[in-house]
Amino acid sequence: SGILDIVQIGQWGNIRIDSASGQIYPHINGGFSLGRDSNRFYVLKVTNGVDNSSLLELKTQISPFTSALEEIDKTDVFNYKLKANIKHNGDDIVHTGFVIGKGYNCSDYLISESREGIDLYSAIGVTFGGVKELYDIVKDQQKKIEELKEKINEKL
């Protein structure tokens, strides 16, 4: 059938490779992790993006997030070079992003579950929330500008 099951007894670790559909997936929903804190993949390449599930059915204790600009303000952005890139192929590419470590500021909202990486989905959420907060400020300022223009025109 083109299906290979790699099974470990217990709840975690069951993975299915389906050559007919071209899919690799866990036996149960959410039942498999890829990589470890000390055994990471060097690079992940995809042609059609990463689908980070965001369905209501998967979430609980949902509440509005209203402090995005404060969290952005708490987070510093740096240029840096990756030691792994230099080691693997001598690359001297400068990257831009966050640094997790003593003396570097990074909002807890951005830090992944392992506390060693960035949760990109949360980073996008904080950024999007910050843009929304800024857009509300801009709309409010634009309204005030229009009101001031009307007052000036009335006096003329």
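The values are calculated or read from the model by the stated rules, or taken from the named source; none is laboratory data. From a predicted model like this one, the values you see are computed outputs, not experimental measurements. Neighbour counts run over all protein chains shown; Cβ positions are idealised from the backbone, glycine included. To get the accessible areas, we keep the full protein, side chains included, count just its heavy atoms, and leave off ligands, DNA and RNA. Shrake-Rupley method; radii C 1.70, N 1.55, O 1.52, S 1.80 Å.
Annotations for the structure displayed:
- With an a/c value of 1.5 or above and a/b not larger than b/c for the gyration tensor axes a ≥ b ≥ c computed over the alpha-carbon atoms, the range 21-102 is described as oblate.
- Apportionment of accessible area to carbon and sulfur, the chain, percent (1.4 Å): 54 percent
- GNM flexibility winner over the chain from Leu69, Leu134, Leu110 (Cα, springs under 10 Å): Leu134
- Which of Phe98, Leu156, Gly49, positive extreme of dipole for the chain (C-beta unit charges): Phe98
- Highest-fluctuation residue, Arg36, Arg115, Arg16 considered, GNM on the chain with Cα pairs under 10 Å: Arg16
- Alpha-carbon Rg/Rh ratio, for the chain, with Rh computed the Kirkwood way: 1.13
- At an R0 of 35 angstrom, the distance between the Cβ atoms of Tyr135 and Ile93 translates into a FRET efficiency of 0.60.
- Note on the chain: with charges restricted to the Cβ of Lys and Arg (+1) and Asp and Glu (-1), its dipole about the Cα centre is near 320 debye.
- Net charge dipole size for the range 45-133 [Lys, Arg +1 and Asp, Glu -1 on Cβ; Debye, nearest 20]: 300 debye
- The range 103-151: chymotrypsin sites (Phe, Trp or Tyr not before Pro) falling in loop per DSSP and having at most 12 other Cβ within 10 Å: Tyr104
- Rounded tilt (10° steps) of 120-155 against the dominant C-alpha axis of the chain: 10 degrees
- Sum of -39500 (n - 2.57) over DSSP H runs of 4+, divided by residues of the chain (222 nm, nearest 500): -10500 deg cm²/dmol
- For the pair Glu147 and Ser112 in one chain, pulling the backbone fully straight at 0.36 nm per residue adds 8.1 nm over the alpha carbon distance.
- Selected from Asp119, Asp108, Asp92 as most flexible by GNM, with the chain as the system and alpha-carbon contacts under 10 Å: Asp92
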